[in-house]
Amino acid sequence: MEFIDKKFVSINNLMVKLRKKKCSSKNLLILFPHCIQHSECKQNVKNDLNECKRCGKCKIKDLIEFSEKYGVHISLATGGRVALQKVKSEEIHGVVAIACEKELRTGLMAAAPKTIFAVPNLRPHGYCKDTDVYMDEVKEAVEKFLK
């Protein structure tokens, strides 16, 4: 099934690139999973990203700074339903979603026809623990959406 998830994400991203959908920064959302937060971190960023001390042990610091630089919305997904609710918001026209391929596939299908560029996370410690993301991929996806 992992092979199918990867192919589904790849095809989705190709379609997003071909559509060349543009939106303003105020209508773009970066959505990322809670597993990007360092597992030993004591900060409760699940409820408030401002709780992040920006220590650099995980990519949350980079994602927050990136959202500030480009003026885009950013949200931590604590679960599928919460993520879907944020993605389906009328003010959101484009999404850069970071997660494992399985979660991305599920989210892409549930949020259709919303335009979502999916960025698979890196899992050096396995699923759902201390995951990572290539910030260059996030930057490229955001810049493709912005006018």
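The values are calculated or read from the model by the stated rules, or taken from the named source; none is laboratory data. Just so we're clear, the structure is a prediction, and the values are computed from it rather than from any experiment. Methodologically, a virtual Cβ is constructed for each residue, glycine included, from the backbone with ideal geometry; neighbour enumeration extends over all protein chains shown. Just so you know, the surface numbers come from the protein's heavy atoms only, side chains and all, with ligands and any DNA or RNA stripped out. Shrake-Rupley method; radii C 1.70, N 1.55, O 1.52, S 1.80 Å.
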Fill in the blank from the handout: Filter region 109-122 for residues that are in contact (Cβ under 8 Å) with a residue 60 or more places away in the chain and touching a strand residue (DSSP E or B) at 6+ places or on another chain (Cβ under 6 Å); the one that is farthest from Met1 (Cα to Cα) is Thr115
Handout entry: Restricting region 1-43 to residues that are basic (Lys, Arg) and out of contact with any helix residue (DSSP H, G or I) (no Cβ under 6 Å at 6 or more places or on another chain), the residue that is farthest from Lys69 (Cα to Cα)
Key = Lys7
Completion exercise
Matching residues in region 12-53 (charged (D, E, K, R) and closer than 21 Å to Pro124 by Cβ) number 1
Practice task
Would you mind telling me which numbered condition in (1) within 22 Å of Tyr134 (Cβ to Cβ); (2) open to solvent by less than 70 Å² (accessible area, probe 1.4 Å) Lys6 fails?
Solution key: (2)
Exercise for the section: Go through the residues of region 118-132 one by one and say whether even a single one is within 19 Å of Lys22 (Cβ to Cβ) and among the hydroxyl-bearing types (Ser, Thr, Tyr). Expected result: no
Exercise for the section: Look at Met1 and say whether it is over 17 Å from the mean Cα position of the chain (by Cα), open to solvent by 50 Å² or more (accessible area, probe 1.4 Å) and modelled with pLDDT of 95 or more. Expected result: no
Handout entry: Yes/no for Leu31 being within 15 Å of the chain's Cα centre (by Cα) and not in a loop (DSSP other than H, G, I, E, B)
Key = yes
